[in-house]
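Only the coordinates and a few stated rules stand behind these numbers; no lab work does. None of these values were measured; they are calculated from a predicted model. Neighbour counts are summed over all protein chains in view; Cβ atoms, including those assigned to glycine, are modelled from backbone coordinates with ideal geometry.
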Amino acid sequence: MAQDNTPVMGPEEGLTRRMFLKVTVGAAAVGALASTAAATFLSLAPYKKPGIKLKEAPFLYTADDTAIKLKVWYASKVGQEAVVSDFTEAGMGAQATWNGFPAVLIRIDPRKSLNLGGAASTVNDQGFTFPVVPNAPGVEQNIVALWGTCPHACCRPNWRVSRPEVQNLIWCICHDSRYDPHAIVTDNYKGKRYRGAMWQGGPAKRALPQIPIKIVDGRIIGAPEKPDWYVYCGVDVE
Ligand code: FES
């Protein structure tokens, strides 16, 4: 059978799809979560969507198999627009799509952001640190929206789904990268600055990009600031 060596672009440019699968399958095999991980992330393999023009758009709920099994609160709302009134408590989060791409919505607890204050910082893969921005632009009514593609090798990080016991961090099932939505920081990728949820550990080594939002009549609307925040993992948007 022919081997699929389609290039997977992004932080690990040059990694082929075959290599990607080897790496991710291997990582899952050694982890305690192997049995659930393998089935999940093979459906989350990198993809390409060239030339999409990002526009202001609502978020639509979605739910993967794991989320459905967990009976997440938004399972009955799949396909519907996300509205602020759905997020009745701090800590509620949901899988969503925005402009057709994966996204994560979370209502944060602002006290956790304030606790981070100016003391926290993040470090990117060039070793630069960046200050935390507790009251970041693009966060409204404590709702934070993030781009749902991991900067490490393109899997889909989740909030309280892949590892529900991880309560205060976004977690990526593939290689254990973690991001803190309570700390929106300025980070840097290939010389371009962007804002995102602070990297907290794992191999990604940079923030998960933010999707700035505004609230319009209770609807949560993603308003792109700079499309190049999302140009990695083969995504080509403008
Ligand atoms: S893809 Fe490797 S940690 Fe997310």
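Before moving on, here are some points about what is shown:
- Cα centroids of the stretch 56-81 and the stretch 213-238: 19 Å apart.
- Loop trypsin sites (Lys or Arg not before Pro), the stretch 128-217, which have at most 10 other Cβ atoms in a 10 Å radius of their Cβ (DSSP): K190
- Semi-axes of the equivalent ellipsoid of the stretch 47-105 are 22, 15, 9 Å, computed as sqrt(5λ) over the eigenvalues of the C-alpha gyration tensor in descending order.
- Cα Rg, Dmax (largest Cα-Cα span) when computed across the stretch 57-227, Å: 14.7, 43
- Among the listed pairs K55/K226; K55/K190; K190/K226; K77/K112, those beyond 22 Å (Cα-Cα): K55/K190; K77/K112
- Contour minus Cα-Cα distance for I52 and N188 (0.36 nm per residue): 46.7 nm
- Of the chymotrypsin sites (Phe, Trp or Tyr not before Pro) found in the stretch 139-238, none is in coil by DSSP with at most 10 other Cβ atoms within 10 Å of its Cβ.
- Under the convention that each Lys and Arg Cβ holds +1 and each Asp and Glu Cβ holds -1, the size of the dipole of the stretch 57-227 around its Cα centre is about 280 debye.
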